[in-house]
Amino acid sequence: MKKIFNGTPHPVNIIEGSTFDPSIRKYVTTAGKEVTVVASIPNSGVVLSAVIETVEMEPINGIPVYGKKIIGVDLLPEGYDIYIVSALYASAMRQMGEDTSALYTVADPVYSEDGRTILGCRGICPAF
């Protein structure tokens with residue numbers, strides 16, 4: 001069994017039985033059906049973050065403009081096979097030239113029937 005580190009600030013709940021609603025472009029719980037959580041991966045106690053510097057730039061038509069530059073990332077803890085991270089963290093790792101082969105993000109958040117509340121996700125996906 002692979003050892004998984006969840007570097008997000010919340011548990012990752014894998015939900016079965018959602019459907020895609022093209023009108024809101026989201027996966028939602030199926031009307032009248034109970035949500036089935038098939039797996040729950042608890043937060044590992046550490047949130048992995050990118051270190052981002054904000055730089056003030058030249059205003060445009062009096063509107064303040066700020067640049068964002070990734071200057072670092074939190075180190076991955078050793079001893080795990082899979083790391084579930086945010087899309088921002090995965091992107092920062094790629095930009096820093098780090099190995100992302102063990103990084104995964106959530107695949108397809110699943111929302112409540114009204115499309116407002118995230119209940120979990122359909123699974124995880126490699127952070128290419």
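Restricting attention to segment 52-76, and to residues there that are touching a helix residue (DSSP H, G or I) at 6+ places or on another chain (Cβ under 9 Å) and of a type outside the set (A, V, I, L, M, F, W, C), which single residue is farthest from Pro126 (Cα to Cα)?
Gly72
Looking only at segment 100-121, which residues are open to solvent by 80 Å² or more (accessible area, probe 1.4 Å) and either at pLDDT 95 or above or among the hydroxyl-bearing types (Ser, Thr, Tyr) (or both)? Explain how you work it out, then say what you get.
Residues of segment 100-121 that are open to solvent by 80 Å² or more (accessible area, probe 1.4 Å), as a first pass: 101, 113-114, 116, 118.
Residue satisfying the conditions is Ser101 alone.
Residues of segment 57-88 being assigned to a strand (DSSP E or B), open to solvent by 90 Å² or more (accessible area, probe 1.4 Å) and touching a residue at least 12 places away in the same chain (Cβ under 8 Å), which ones?
If we filter segment 57-88 for residues that are assigned to a strand (DSSP E or B), which is where we start, we get 57-60, 63-73, 82-84.
Going one step further and asking which of them are open to solvent by 90 Å² or more (accessible area, probe 1.4 Å), we end up with 57-58, 60, 63, 66, 68-69.
Result: Tyr66, Lys68, Lys69.
Which of the residues that make up segment 77-103 are out of contact with any strand residue (DSSP E or B) (no Cβ under 6 Å at 6 or more places or on another chain) and under 15 Å from Pro126 (Cβ atoms)?
Hits for segment 77-103 are Asp81, Ser86, Ser91, Arg94, Glu98, Asp99, Thr100, Ser101.
Listed residues Ser49, Ser91, Ser40, Ser23; which is closer than 30 Å to Ser112 by Cα, touching a helix residue (DSSP H, G or I) at 6+ places or on another chain (Cβ under 9 Å) and open to solvent by 40 Å² or more (accessible area, probe 1.4 Å)? Talk me through it step by step, then tell me what you get.
Numbers: Ser91 fails: touching a helix residue (DSSP H, G or I) at 6+ places or on another chain (Cβ under 9 Å); Ser40 fails: touching a helix residue (DSSP H, G or I) at 6+ places or on another chain (Cβ under 9 Å); Ser23 fails: touching a helix residue (DSSP H, G or I) at 6+ places or on another chain (Cβ under 9 Å).
The unique qualifying residue is Ser49.
The values are calculated or read from the model by the stated rules, or taken from the named source; none is laboratory data. This is a predicted model, so every value here is computed, not measured. Counting neighbours? That spans all protein chains shown, and the Cβs are built from the backbone with ideal geometry, glycine included. When the accessible area is computed, the model is the full protein with side chains, heavy atoms only, and any ligands, DNA or RNA have been set aside. Shrake-Rupley method; radii C 1.70, N 1.55, O 1.52, S 1.80 Å.
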